Each structure stands twice: as C-alpha cells, then as structure tokens.
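One structure is given here, and the rest of the page talks about it.
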Amino acid sequence: MITSTSVAQEAPQSKVSTAEGAATAPLAALHAPRGNWWPPFLVATLAIFALPLVGAFPTWVTLTLAGLAMGMMLFIMASGLSLVFGLMDVMNLGHAAFVAVGAYVASSVAGALGGLLYSGTSSGALLGMVIVAIAAMLSTAVLGLVFERLFIRPVYGDHLKQILITIGAMIIVEQLVLSFWGTQQMTLVLPEVVRGTFTLGDIAVERFRVVAVVLGLVLYLGLLLLFGRTRIGLLIRAGVENREMVQALGYRIQRVFVGVFVAGAALAGLGGAMWGFYREQFTAAVGADLLVQMLIIVVIGGLGSVRGCFVGALLLALVQTYVNYLLPDLALVSNVAVMVAVLLWRPRGLYAAGT
Amino acid sequence: MSKVDLLRLEGVHTHIGEYHILQGVDFAVPDEGVTVLLGRNGVGKTTTLRTLMGLWHASAGKVSFDGEDITQLDTSEISRRGIAYVPEDMGIFAQLTVQENVRLAALSGRFDEARLQWIFSLFPALERFWLRPGGTLSGGQKQMLAIARAIIEPRKLLLIDEPTKGLAPAMVQNLAEALRALKQARTAILLVEQNFHFVRSLGDHVAVMDDGKVVHTGSMAELASNEEIQNRLLGLGTATT
C-alpha cells in the first residue's frame, strides 16, 4: 500500500501535467455521475401530455414555443439569483431591480439607436439589438457592483435582514428609475426583422420567440461549459457546496461571490431587455412582477443549480402557458401548484446545489 | 527532532457568540513530526484548529506561523502561507468528482505527476474512483480524499481534525500508514484526535486540552508511559493504556 515516502516536500524532477490533462473526461462523462435525467424527461412528458388536451397540433406548437421562450427568459433572469443564493446563502429579493433597470436602459438605448435598430436591414437590426443587450448588461453589472457593496455585504449571514434590506433596495431602485425616466409606460419596439410571425405549414411561429429560445439555449450551454470546463466554474460549484472549505483551500471566496453577483445582475439585465422586447410596453414594476416566478424557479430548481434553474424555468413557463390556454381561471395558481408538486417530489429541488 | 517552532499560539482566546470557548491557549508545533492535540469532547480542540485557520478569529492572543503573525489574516491567506486543513467533516465537495476535488486543491492548476502517483500509492481507492463524485465515496475514502487534497501540493503544516472518527479498523490502519509516510517525508502535522491508541505510536509531541486551555505539553513517549496523566487528563482507564 505505502510504496513511497520520499516526495512529500520536494517534488522530484517529474513531468507536470495540466489538471485537465490525461485524467480529464469529456464534458458528458464528467457530468455523467451527477446526471439526473428525470427533470428534463418531466418537461418533455408535460409537453407531450398537453398535446391531446390542446387538440390542434399547430396550436400546441405555438403554445409550446411560447412557453419555451418565456421559460428561457425567466431562466436568464433567475440564474444569477439562484447562484447567489447557493454560493453565499444570500436571499436577494432586490434581484428584480436589475430586470427593471435592464429593460429601461434597453428602451433608452433602443430609442437612441432608432435609425440603426429600425432601419429595416437585418444586419442593422441585429447590430442594434446586440448593442442594446450589451448596454443593458453593462448598466446592470455596474448597478450590481454597487448594490452588493451597499446592501448585501452588511447583511451576510442574516436572512431576515437580507429580505428586509433587499426589498427596501428594490423599492429604492424602482423609485430612482421612476424619477429618472418618468412615470409613463416605457416602450421597447421590436425591429421589423424579428417582429411578427412566419408560417411552417399550418403553424404560426413568432420570430422573437425563436430568438429567445435560441439565445436561452446558447446561454445555458455557455454556462454549462463555464461550470463544467473552467477553473472558475469549478470554484463556483465548489463554493456553492461548501464555501468555507473553498476558503481553506486558499481561494478568496468573496471575490468569486462579487463576480457571480455582478454576472447574475448582468444576466438579469439582459433578461429584462428581452422581456421588454417581448412585451413591448412595461413599467418600473416589470421586475417586481416577475419576482415570484423567479423565486419559485430558484426553489424548485434547487438552490445554486444552473441546471435546475433551467429545467425549473421551462417547467414553470410551460405549465403556465398550457394552463392559461386550457383553464384561464387557474392560470394564477399554476405557478404555486408546480412548486408544491415539485417540492413534494423533491423537497430540496430538482437538482443538487452546484450542478 | 527539530527545535524550531513552526506554529505558536500565545494566550489565544476565541469567543463564539456569547460563549468563551478558548480561554488562553498556549502551545507550539515544531517544524517536523506529528503534534497531537488531545482532550475530551468539547474542550476546544476543533475550535483551536478553526481559529488557526481563521475560520473563527481569536478575540485575544497571538498565532504565529513561520515567524509571521497570522492571527487576523483571512482564511485564504493563511492557507496560502502553507497550512492545509482537513476538517472533522472532511469538507468533501460531494457533487464534484474526486479528480475535481483534488484539482481544486492544486492552486497552480496543475498536478505534479510524480506527486499524484505517490498519493495514489498511499490511497489506491482514489485512482479507482477518480471520476466518481466525492459524495459517493465511503467515509474512509472521503477521509483519504480530504488528506490527498491537503497534500497535492507541498505544505508546511497539515491540520487534521479527528481523522479516525467513524472509520472501520482496517481503514484506520490504512490511514495510520499514510500519516506515517507523510511524517517520514518531513511534513509537520498537527493532529486532533480522541483515539489515543491511534496516535500513541504516531505522535511525537502532545498538547492536552481541558476547558479551553492547554493543560499539558510534552512528548508522546512521556504521556504514553504515564498512566496517571492519561487517567487524569484523558479519562483513560488502565485497560486502555
């Protein structure tokens, strides 16, 4: 068993391999032991079971696409909230403020870029939307940095204070938004190239929903790669599980947390911009209106789980969309019903922290 | 044995909330060999290690490491000065694979291949379960992973908190062999343990705690041969000595 006793202090002339070297498995294999295919299977099953209830296949496709698009936007908004909760045990109800600021900044920048964004050319519209998205993300990233320093850092470890102070902070930010932009409804009109629908046979497909689904998938895959293949991702996953041990290994977890908080705020800002485009009209309460849904997604997905946040968002949005079509009177309770059902099945959420 | 103190605690007090846990701890750890911190349950051994690591800060007193005052340093800074910590609960990242657990502990981001092979020779199970999540390992395997993580890069001092707790006898024997190998490789170890049988052949120096203070220091040989001290400070009966 013990075959060598000579190399503890002085590493001999040995070849140094990167940690990702020979011992590294492909991404899929790396994640295989943590694989948990029931929740995605549940989403697919839900969609399939909805088909006979909806009846018409084209309607079902339209509803499913609407649910997926909504789910992707909610995922983008809620992922940062989930990570912050999982990583630092911080309940930031003020996260909704980033959504509102993202939407408002997007509206202002879109107004300023009017000529480019609404020029009618695909390249102009695409470039304009990218600029709008970057502006929304940058502004909310800066806001996130200030927000963490002012409102979050003083209340680490105290959930009650976190809830009170972050709700207060959300109200402050909303009021600042109103005083800066005014109390009128804001508009964020979609460029022509992503407006309206195209048809596939009998199926009407809304263009922006396709954009939202594609963008959501790209971001999800990007986050999976970040978490599965990079050292910072490894650090975040470890921090979500046991931040004290991460510190004891020599990492400054506070810096990681600030980075995650700022990135989460930027994603919420992007989500806010997308939601603004999706709704085209909104008020300063746009974030607060979505807060309950974001919290439900975080809880059912599993605190600190990007995978859980993604599946939870899709589940919630699809149920809401189908119920809204089939039983409109029950639409409001469908979110809570999903949460209760999931938590009865898995009290700690669909996925473990750090997955 | 070297006479140089690698770690020194002088009059260290630690409060946790309203509780005054450490009440003036004084002892030193030489730069070689195994120093064993003994004592009954609840006397402050784990608190001492956590205070050393900066996980709880001392309210008074001084902790020096390698000649530097580290009393109020952040945990990550203390770790980067060359102290590795294996907590009582082992601190394994359950969702991360064994490889990822070890990779995270290699601050350089690289494995020294020879060192990794040496660790595998100490703990063959880790090589076998390299791509398994840490949470699926047995208690003994988790302890080995925790120690492997602590030694994947050379450290000046290992702090290990009750490594035999809950382990099967065969696993304890395996662990003892691994710690002997580390000791022979001139890694200084501060070991908190209640299992006197486990540490009597392993330890070089002892510090015995009672009521938040160190009440006895000396060599392990002296303690092992003195039943009166064992009875009085550790509550060990004649049969167990």
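The values are calculated or read from the model by the stated rules, or taken from the named source; none is laboratory data. Everything numeric in this text was worked out from a predicted model, so none of it was measured. Neighbour counts run over all protein chains shown; Cβ positions are idealised from the backbone, glycine included. Side chains are part of the model used for accessible areas, which takes the heavy atoms of the whole protein and leaves out ligands, DNA and RNA. Shrake-Rupley method; radii C 1.70, N 1.55, O 1.52, S 1.80 Å.
Here is a check on your reading of the model: is A:Gly264 within 23 Å of A:Leu316 (Cβ to Cβ), crowded, with 24+ Cβ neighbours inside 10 Å and within 14 Å of chain B (Cβ to nearest Cβ)? Let's see the steps before the verdict.
On the way: within 23 Å of A:Leu316 (Cβ to Cβ): yes; crowded, with 24+ Cβ neighbours inside 10 Å: yes; within 14 Å of chain B (Cβ to nearest Cβ): no.
No.
Is it true that B:Val25 is of a type in the set (A, V, I, L, M, F, W, C) and closer than 28 Å to B:Ala178 by Cα? Answer is no for this residue. Among the residues making up segment B:171-230, those that are more than 26 Å from B:Gly140 (Cβ to Cβ) and acidic (Asp, Glu) are B:Asp210, B:Asp211, B:Glu222, B:Glu227, B:Glu228.
Residues are listed down the side, and each one gets a yes or a no for (1) touching a helix residue (DSSP H, G or I) at 6+ places or on another chain (Cβ under 7 Å); (2) more than 30 Å from A:Thr59 (Cβ to Cβ); (3) more than 9 Å from chain B (Cβ to nearest Cβ); (4) open to solvent by 40 Å² or more (accessible area, probe 1.4 Å):
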site	(1), (2), (3), (4)
A:Arg195	yes, no, yes, yes
A:Gly216	yes, no, yes, no
A:Leu219	yes, no, yes, yes
A:Gly222	no, yes, yes, no
A:Leu226	yes, yes, yes, yes
A:Arg231	no, yes, no, yes
A:Met245	no, yes, no, no
A:Arg252	yes, yes, no, yes
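Can you list the helices (runs of 4 or more DSSP H) found entirely within segment A:51-145 that contain at least 3 residues being surrounded by 22 or more Cβ atoms within 10 Å (Cβ to Cβ)? Hits in segment A:51-145: A:57-88, A:95-112.
Among the residues of segment B:1-56, the ones that are open to solvent by 70 Å² or more (accessible area, probe 1.4 Å), within 23 Å of B:Thr164 (Cα to Cα) and touching a residue at least 12 places away in the same chain (Cβ under 8 Å) come to 2 in all.
Here A:Val298 passes the criteria (1) more than 14 Å from chain B (Cβ to nearest Cβ); (2) surrounded by fewer than 24 Cβ atoms within 10 Å (Cβ to Cβ) except the one numbered (2). Going through (1) outside any helix (DSSP H, G or I); (2) more than 8 Å from chain A (Cβ to nearest Cβ); (3) touching a strand residue (DSSP E or B) at 6+ places or on another chain (Cβ under 8 Å) one by one, B:Ala146 falls short only on (1). Restricting attention to segment A:334-349, which residues are open to solvent by less than 80 Å² (accessible area, probe 1.4 Å) and away from chain B (no Cβ under 14 Å)? The answer is A:Ser334, A:Asn335, A:Val336, A:Ala337, A:Val338, A:Met339, A:Val340, A:Ala341, A:Val342, A:Leu343, A:Arg346. In segment B:8-22, the condition of being over 26 Å from B:Arg180 (Cβ atoms), part of a loop (DSSP other than H, G, I, E, B) and either modelled with pLDDT under 95 or of a type in the set (Gly, Ala, Ser) (or both) is met by at least one residue.
With the structure loaded, tell me whether A:Gln281 is farther than 30 Å from A:Leu53 by Cα and of a type in the set (S, T, N, Q) or whether it fails that test.
Details: farther than 30 Å from A:Leu53 by Cα: yes; of a type in the set (S, T, N, Q): yes.
In short, yes.
In segment A:322-333, what residues are open to solvent by 20 Å² or more (accessible area, probe 1.4 Å) and touching a residue at least 60 places away in the same chain (Cβ under 8 Å)?
Within segment A:322-333, the first condition is being open to solvent by 20 Å² or more (accessible area, probe 1.4 Å), and the residues that meet it are A:323-330, A:332-333.
Matches in segment A:322-333: A:Tyr325, A:Leu326.
When you check A:Gly304 against the structure, is it crowded, with 16+ Cβ neighbours inside 10 Å and within 14 Å of another protein chain (Cβ to nearest Cβ), yes or no? When the stated conditions are applied, A:Gly304 passes them. Condition (residue is more than 9 Å from chain A (Cβ to nearest Cβ) and open to solvent by less than 40 Å² (accessible area, probe 1.4 Å)) applied to segment B:95-109: is it met by at least one residue? Yes, some residue in segment B:95-109 is more than 9 Å from chain A (Cβ to nearest Cβ) and open to solvent by less than 40 Å² (accessible area, probe 1.4 Å).
Matching residues to (1) touching a Ser or Thr at 6+ places or on another chain (Cβ under 8 Å); (2) under 30 Å from A:Phe151 (Cβ atoms):
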{"residue": "A:Val43", "(1), (2)": "no, no"}
{"residue": "A:Ala47", "(1), (2)": "yes, no"}
{"residue": "A:Leu51", "(1), (2)": "no, no"}
{"residue": "A:Thr62", "(1), (2)": "no, no"}
{"residue": "A:Asp89", "(1), (2)": "no, yes"}
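Summed over segment B:172-219, residues that are in a helix (DSSP H, G or I) and either under 16 Å from the mean Cα position of the chain (by Cα) or within 14 Å of chain A (Cβ to nearest Cβ) (or both) total 17. Being open to solvent by less than 50 Å² (accessible area, probe 1.4 Å), modelled with pLDDT of 90 or more and in a strand (DSSP E or B) is the filter here, so list the residues in segment A:197-214 that pass it. Matches in segment A:197-214: A:Val205 only.
When you scan segment A:182-192, do you find a residue that is open to solvent by less than 60 Å² (accessible area, probe 1.4 Å), in a helix (DSSP H, G or I) and in contact (Cβ under 8 Å) with a residue 40 or more places away in the chain, even just one?
Keep residues of segment A:182-192 that are open to solvent by less than 60 Å² (accessible area, probe 1.4 Å), which gives A:182, A:186, A:188, A:190-191.
When the remaining residues are screened for being in a helix (DSSP H, G or I), the result is none.
Within segment A:182-192 (the criterion being open to solvent by less than 60 Å² (accessible area, probe 1.4 Å), in a helix (DSSP H, G or I) and in contact (Cβ under 8 Å) with a residue 40 or more places away in the chain), the answer is no, since none of the residues qualifies.
Please count how many residues of segment B:99-118 are in a strand (DSSP E or B) and within 21 Å of the chain's Cα centre (by Cα).
Taking segment B:99-118 and keeping what is in a strand (DSSP E or B), we get B:110-112.
Filter once more, so that each one left must be within 21 Å of the chain's Cα centre (by Cα): none.
Residues in segment B:99-118 being in a strand (DSSP E or B) and within 21 Å of the chain's Cα centre (by Cα): 0 in total.
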